[in-house]
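**Q** Have a look at this one.
Just so it is clear, none of the values below were taken in a lab; they were calculated from the coordinates. Fair warning: this is a prediction, and the values are worked out from it, not measured in the lab. Virtual Cβ from ideal backbone geometry, glycine too; neighbours counted across all protein chains shown.
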Amino acid sequence: MKYKIFPLVLLIAVCFQLTNCDKDDDTTEFVDPVAVTVPVIMNKSEFRNSISIESAQTTNSDGKIYVYTDLLFYIAQNSGIHIFNNQNPASPQNLAFIQLEGVNDISVKNNILYADNFMDLVVFDISDLSNIQMVNVEEDILPYYATFPNEVLYYQSNVYPTDNDEFVAYYDTVYMEREEAENNPDIYGWNSDIFLGNFDGLALSNEVGVGGSYAKFQIFNNALYTISDYSLLTYDITNYSAITQVSETWMESWFGGELETTFIRKEYMFIGATNGMHIVGLQDEFNPTYTSSFLHATGCDPVVVEEDTAYITVRGGNSCGAIEDQVNVIDVSDITSPVEYSTYFLSSPYGLGVKDEVLYVCNDMGINVFNAQNPNAIVLENTYNVEAKDVIPLSSHLISVGENVIHQYNYADNFGLELISTVQF
């Protein structure tokens with residue numbers, strides 16, 4: 001779940017409405033030193049001037065994965081884009097790095113790469129990987145709000161933008177003694193659990209790439225889609241040198257749920273939200289229309305779809321919600337009225353993928369492989385104990401991503417996976 005940064009007065013007001021916000025409340029035990037969340041202020045010209053094309057780099061940042069033809073992209077959050085030649089998955093070659101400090105998502109069509117850079121949309125021509133070119137920057141075209149880190153206990157309130165060219169780019173953490181933090185008038189106690197999704201797909205074709213289940217960027221025909229908290233934004237990329245926003249689609253069955261992930265199947269987009277799954281028709285690519293929703297109690301959840309079956313991982317706990325961790329299997333054969341087939345309870349599920357009625361779900365135990373031939377009762381067949389937060393099941397093999405690590409697997413008999421290679425940053 002994502003929380004926006006508010007003006008100082010509103011932030012303080014919200015804080016005092018939360019339970020346990022009183023810094024004199026001794027009902028909670030704290031360990032010294034305590035973590036203090038500090039907004040990092042950036043000037044727009046700073047990150048715009050820092051964009052560069054570099055040789056291959058290592059990373060120490062969490063990331064997402066994306067596949068386009070024989071290329072594998074590691075999108076290092078708020079750092080940049082690592083590009084690998086993955087023609088031989090047993091030995092991926094680290095080719096290049098695009099330094100892009102505000103990146104969280106990418107999408108590629110016809111060798112044109114679209115990436116967010118905080119509130120900007122940046123476009124690169126990657127047809128020649130030895131000479132990647134930045135071909136367009138659409139400034140201030142995307143929604144952007146910094147997200148709080150996990151479990152914010154203390155917040156430094158006297159750091160904030162002072163003019164319209166400054167913004168909160170992200171949040172840093174500093175440590176100090178509890179007494180020092182509590183006696184500082186500019187530091188407010190905030191005893192609440194705030195979750196930040198770190199990972200943040202569609203069918204792979206010759207012209208459009210595929211992302212994991214936490215993707216927020218999608219391309220369909222000449223439209224590029226992304227999500228704000230509560231709406232789907234559509235951009236016309238017919239001419240990548242002159243991109244415009246053409247529509248905004250609101251979810252009619254919103255009921256307070258924040259939009260988190262996107263997945264395209266045929267002419268429909270399936271949007272994972274904190275209150276369920278929303279379906280949007282793309283028959284008119286530039287004017288998506290709300291179709292239907294499947295709602296559940298509040299939880300953090302991506303969604304993937306194969307044929308007429310959708311799969312949702314729902315994670316409760318912290319601020320994701322009180323719902324018990326689970327995998328929902330949904331019948332979407334009637335796209336206007338999705339209904340639940342079954343529920344499988346699984347601790348702390350994250351990203352997921354499906355191929356040929358085999359479901360792959362990441363959780364704290366690793367990659368769980370399910371026999372999904374019977375949607376009324378999916379069966380856990382294997383678990384692989386690896387660091388994994390998301391997967392992309394390609395026709396040839398499966399790719400998983402964890403914290404600074406990418407694993408690639410061949411499909412094996414009896415719902416098995418055989419490790420091909422590991423990229424450890």
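**Q** Could you pull out the pairs from Lys44/Lys216; Lys109/Lys266; Lys64/Lys266; Lys109/Lys216 whose alpha carbons sit more than 20 Å apart here?
**A** Lys44/Lys216; Lys64/Lys266
**Q** Can you give the net charge of the other residues whose Cβ lies under 12 Å from the Cβ of Val303, counting K and R as +1 and D and E as -1?
**A** After counting each charged neighbour, the total is -2.
**Q** Around Val40, with a cut-off of 13 angstrom between Cβ atoms, what is the net charge of the other residues, counting Lys and Arg +1 and Asp and Glu -1?
**A** That sum, taken over residues with Cβ under 13 Å, equals -4.
**Q** Now for a different question. Please give the net charge around Ala377, taking every other residue with its beta carbon less than 15 angstrom from that of Ala377, where Lys and Arg add +1 and Asp and Glu add -1.
**A** -4
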